[in-house]
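Here's the structure we're looking at; comments come further down.
Nothing in this text is a laboratory measurement; each read-out follows from the coordinates by a stated rule. This structure is a prediction, so every number in the text was calculated from the model and none was measured. Positions of Cβ are generated from backbone atoms using ideal geometry, with glycine treated the same way; all protein chains shown enter the neighbour counts.
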Amino acid sequence: MKTKQAKEILLLYRGPIDDGDPQFGEALEYARGDPELKRWLRDQTSCYDAIRSKLRGIEPPRDLAQKIIRHRPIPLNPERNRILQLAAAIVVSAGITAASLSIWQREKHFIAQGQEITVKGEVLDMTCYIAYNMSGPENAADARECIRKGLPVGIKDENGKVYLLTGEPGHSINAELADYAAQIVTVRGKESVRDGFAQLQVEEIKKF
Amino acid sequence: MAADLEFENLVNLYYRDLYRFGFSLTGSEMDAADLTQETFYIWANKGHQLKNPGNVKAWLFTTLHREFLKICRRQKRLADEPIEESAASLPDPPADCANRIDSQTLLHFLGEIDENFRVPLVLYYIEDMSYKEIAEVLMIPLGTVQSRIARAKIQLLRCLTETDPVQTRRK
């Protein structure tokens, strides 16, 4: 082995962490008997330590861990995930059907004007509510996140009746409702019921 | 809930390492925080698919790397040009290496290295991973990992050799 060849091998040598790696054994042995290579190796490992120390010194923002934990999505196993997807598909299909019917009726000039009502109840992430019966303050963070991401949002009144909350056709109100997730609010809007499925087109939200 | 606690423990165990990895790759605090958060978000959704719990760390680093590559592709910053350095032009590491760099300069030099070479180099420096583990994280052959690290390291050492020591620059 020559010095140049040993240097090429030892370029990747980091110190004790690589001592067990057989690819460095022979070159390390050679370096013990070559003063110039020994000095080069010392400089090389000390340079590795300096760079490593600078990079390891990078500190994340203080609140990053809490932020990650707070925004954790609901962990799902595959079985529950399938149920959730199915529930979401049902809710979305129902929403699309309702919207299509509404548009069709408007085109036909048979607008079924909903009755204006006021509902007091808890704001729900409909997907998790239907799939897992998840509601209440302990699920507020997850519900907020899901609503913010555009999943269907609803309200459950004091008698247990659930309404799908929507905005004006073509306008999402998820952004306005996300902050109220799992909270009790009063919503005023127009009620529509089709095939037993109740929808409330929101006109005003008041925090209770 | 046990799942919540497990997730919190995992975050507390690895978020610093992942953030450092992300920061060293992007040079941006915001991008590093986003990458770290996205990595754990993906873990929460797909982590159950991991068959060997001993591979959690490698899985997290692989995921962050993938997300980083997505950003690169979006920004069209992925260069295909290989580093031209070779072991034949091996520079001597500066003896006063610690005096020649501050974190800012180091990140600047790292940022000038092509992504394909920078990623294994960063893992080489910040994580106590064997070359085999780095190869598993990046899903590339062991020989490729070593050759990329060597080439990137030569480029970095050359930058360090050519720069003035920090003390001199501050005068």
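Close lysine pairs were tallied over chain A: pairs 8 or more places apart or on different chains with Cα atoms under 18 Å apart number 14. Compared with the dominant principal axis of the Cα atoms in chain A, helix A:22-32 is inclined by about 40°.
Helix-only arithmetic for chain A: the sum of -39500 (n - 2.57) across DSSP H runs with n ≥ 4, divided by the residue total, places the mean residue ellipticity at 222 nm at -15000 deg cm²/dmol. If I take R0 = 35 Å and measure r between the Cβ atoms of A:GLU29 and B:LYS70 in this structure, what FRET efficiency does the formula 1/(1 + (r/R0)^6) give, to the nearest 0.05? Using R0 = 35 Å, I get an efficiency of 0.20.
The mean of 1/r over all pairs of different alpha-carbon atoms in the stretch A:3-56, once inverted, gives a Kirkwood hydrodynamic radius of 11.3 Å.
Please give the charge dipole size of the stretch A:5-59, origin at the Cα centre, charges +1 on K and R Cβ atoms and -1 on D and E Cβ atoms. Round to the nearest 20 debye.
On the way: 9 positive and 11 negative charges, 54 e Å.
The calculation lands at about 260 debye.
When only alpha carbons are used to place a centre, the stretch B:90-114 and the stretch A:23-55 end up 17 Å from one another. Each label point was placed 7 Å from the Cα along the Cα-to-Cβ direction; for A:GLN183 and A:PHE197 their separation is 2.9 nm. Approximating the spin labels as points 7 Å out from Cα along Cα→Cβ, the A:ALA175-to-A:HIS71 distance works out to 1.7 nm.
Given the Cα-Cα distance of B:THR144 and B:ASN52 and 0.36 nm per residue of separation, how much length would full extension add, in nm?
Numbers: separation 92, 0.36 × 92 = 33.12 nm, distance 2.52 nm.
Stretched fully, the B:THR144-B:ASN52 segment lengthens by 30.6 nm.
Cysteines of chain A lacking any other cysteine Cβ under 4.7 Å from their own Cβ: A:CYS128, A:CYS146.
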